[in-house]
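Below is one structure, written out as structure tokens, with a few remarks after it.
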Amino acid sequence: MNKIGIILGSTRPGRNGEAVAKWVYDIAAKRNDAQFELVDIKDYDLPLYDEPYPAMMQQYTKDHTKRWSEKIKEFDGFIFVTAEYNHSIPGALKNAIDYLNAEWANKAMGIVSYGSAGGARSAEHLRLVAGELKMADVRAQVMLSLFTDFENMSLFKPNPRHENTVNEVIDQVISWSSALKTIRQ
């Protein structure tokens, strides 16, 4: 059975992403076609990239990197929950991604984004980064508006129609994760 990591990509105090990621996890947990785990990058306390060697060499010297690497290796695919900060992904998410290389390769990924324009621009940037790391991004995407899916831009109240789209993302991530497993083996 595929194991899918739901990656919470914001570490900001008061972040909206925590409610969004828990919502995605709760939808996923109703399913029995994969295992799901919510992974909060905040729990890994990753400083600004501090390894002496490029990630592609996998010569990690820091305990935080080794711990992060072991966690990401566990998964067959990912669903990234990302805010949009200044037309891109949060710096903490980019930093967490940059710590690793092979651990991301040949795995599927989907996106749940939020922001004033539904996080569309952050999702596009995340797709570019993912492509470089040989992650396969699925077509379905959940885009949540700060104006319509949050009360006062802070209390998460998603439109019920988004649940169907979350399940589409999950369906595609599971399907592609299964197909890519043959490449990883």
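The values are calculated or read from the model by the stated rules, or taken from the named source; none is laboratory data. Quantities reported herein were computed from a predicted structural model and do not represent experimental measurements. All Cβ positions, even for glycine, are placed from backbone atoms using ideal geometry, and neighbour counts span all protein chains on display.
Which residues, counting only those in region 24-41, are touching a strand residue (DSSP E or B) at 6+ places or on another chain (Cβ under 7 Å) and not polar (S, T, N, Q)?
V24, Y25, A28, A29, A34, F36, E37, L38, V39, D40, I41
Among the candidates N106, N167, which residue alone is in contact (Cβ under 8 Å) with a residue 60 or more places away in the chain, outside any helix (DSSP H, G or I) and under 17 Å from the mean Cα position of the chain (by Cα)?
Numbers: N167 fails: outside any helix (DSSP H, G or I).
From the options N106, N167, the qualifying one is N106.
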Among the candidates L38, L46, residue that is modelled with pLDDT of 95 or more, outside any strand (DSSP E or B) and surrounded by 16 or more Cβ atoms within 10 Å (Cβ to Cβ): L46
E70 out of contact with any strand residue (DSSP E or B) (no Cβ under 7 Å at 6 or more places or on another chain) and acidic (D, E): yes
Filter result (in contact with a helix residue (DSSP H, G or I) (Cβ under 6 Å, 6 or more places away or on another chain), closer than 14 Å to S113 by Cα and either modelled with pLDDT under 95 or not aliphatic (A, V, I, L, M) (or both)) within region 81-103: T82, E84, H87, S88
Looking only at region 116-139, and only at residues there that are touching an Asp or Glu at 6+ places or on another chain (Cβ under 6 Å) and more than 9 Å from H87 (Cα to Cα), the one that is surrounded by the fewest Cβ atoms within 10 Å (Cβ to Cβ): R127
Near pairs, Cβ below 9 angstrom, 6+ apart or cross-chain, from region 38-61 (more than 30 Å from K22 (Cα to Cα) and touching a residue at least 40 places away in the same chain (Cβ under 8 Å)) to any residue that is in a helix (DSSP H, G or I) and not aliphatic (A, V, I, L, M): E51/T65; Q58/S69
Any pair with Cβ under 6 angstrom, 6 or more apart, that starts in region 140-154 at a residue that is part of a strand (DSSP E or B) and ends at one that is polar (S, T, N, Q) and modelled with pLDDT of 95 or more: A140/Q172; V142/T165; M143/S113
Checklist (1) touching a residue at least 60 places away in the same chain (Cβ under 8 Å); (2) part of a strand (DSSP E or B) applied to A92, failing item: (2)
Boolean, I97 is over 24 Å from N164 (Cβ atoms) and buried (at least 21 other Cβ atoms within 10 Å of the Cβ): yes
